Amino acid sequence: MAQDRWATFDCYGTLIDWNGGIRRELVRVFGEKRVDERLDRYHELEPGLQAGGARNYREVMTDAMRELGASDDEVSGLAQALPSWEPFPEVRPALEDARSRGWKLAILSNTDRDFIDASMARIGVPFELAIVASEIGSYKPGHRHWLTFFEETGAARDGHVHVAQSHYHDVVPSIELGLRSVWINRYAEQRDPRPDRELANLSPLPETLDELVPS
């Protein structure tokens, strides 16, 4: 009997247009001027706010907005906006294709259950499970998401591939754990260490998964 093949995914930045969603909210709150600077600053602030895993992701977003200078009336804007953010256009057909080839899908996300449920509904493709930071008390690049995934599913490591846009949060820990990984390098970054495969978007992913773990 053939073993199950599993693809795990980061959600925000990989499946959902994360930077686009944050940028629109920063423009709404702060205006167009200096929005790129504030977006960069948001990404700098986030790991420190996630350290230790004590904050849920709603609190991380709220505290980041406060540090960026949002008024008390606006600090919750990012968290309120997140459920409306849309997937990248190629995501749904790519995931549907992967499922048709027999791949089981899961999400490993630095977020909260209500956010991921809303985003999975936006994506519109079934996932077998989603593991979120606020329920395990740990944020990537910590390893607990992957360890929890293997504990909950009993998946074989040689039948698994992790797929993500963030080199720091996902590719590096996947390599540290000895797992196959596909970097969705949407911004043509140059970073080491290198994953097993590098793609500009998810369109070629189903074929890539089959190359990495043949059925």
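Only the coordinates and a few stated rules stand behind these numbers; no lab work does. The model shown is predicted, which means the values in this text are computed figures rather than measured ones. Methodologically, a virtual Cβ is constructed for each residue, glycine included, from the backbone with ideal geometry; neighbour enumeration extends over all protein chains shown.
Restricting the stretch 91-106 to residues that are touching a Lys or Arg at 6+ places or on another chain (Cβ under 8 Å) and crowded, with 16+ Cβ neighbours inside 10 Å, the residue that is nearest to Leu212 (Cα to Cα) is Trp103. Restricting the search to the stretch 19-63, which residues are free of Cβ contacts under 8 Å to residues at least 24 places away in the same chain and at positive phi? Correct list: Gly31, Arg34, Gly52.
Residues of the stretch 69-79 include at least one that is within 18 Å of the chain's Cα centre (by Cα) and farther than 30 Å from Val161 by Cα. Only residues that are small (Gly, Ala, Ser) and in contact (Cβ under 8 Å) with a residue 60 or more places away in the chain were counted in the stretch 101-129, giving 4. Can you spot a residue in the stretch 71-94 that is more than 26 Å from Arg38 (Cα to Cα) and among the aliphatic types (A, V, I, L, M)? Within the stretch 71-94 (the criterion being more than 26 Å from Arg38 (Cα to Cα) and among the aliphatic types (A, V, I, L, M)), the answer is yes, since at least one residue qualifies.
With the structure loaded, tell me whether Trp183 is closer than 23 Å to His43 by Cα and without any contact (Cβ under 8 Å) to a residue 24 or more places away in the chain or whether it fails that test. So Trp183 passes the test.
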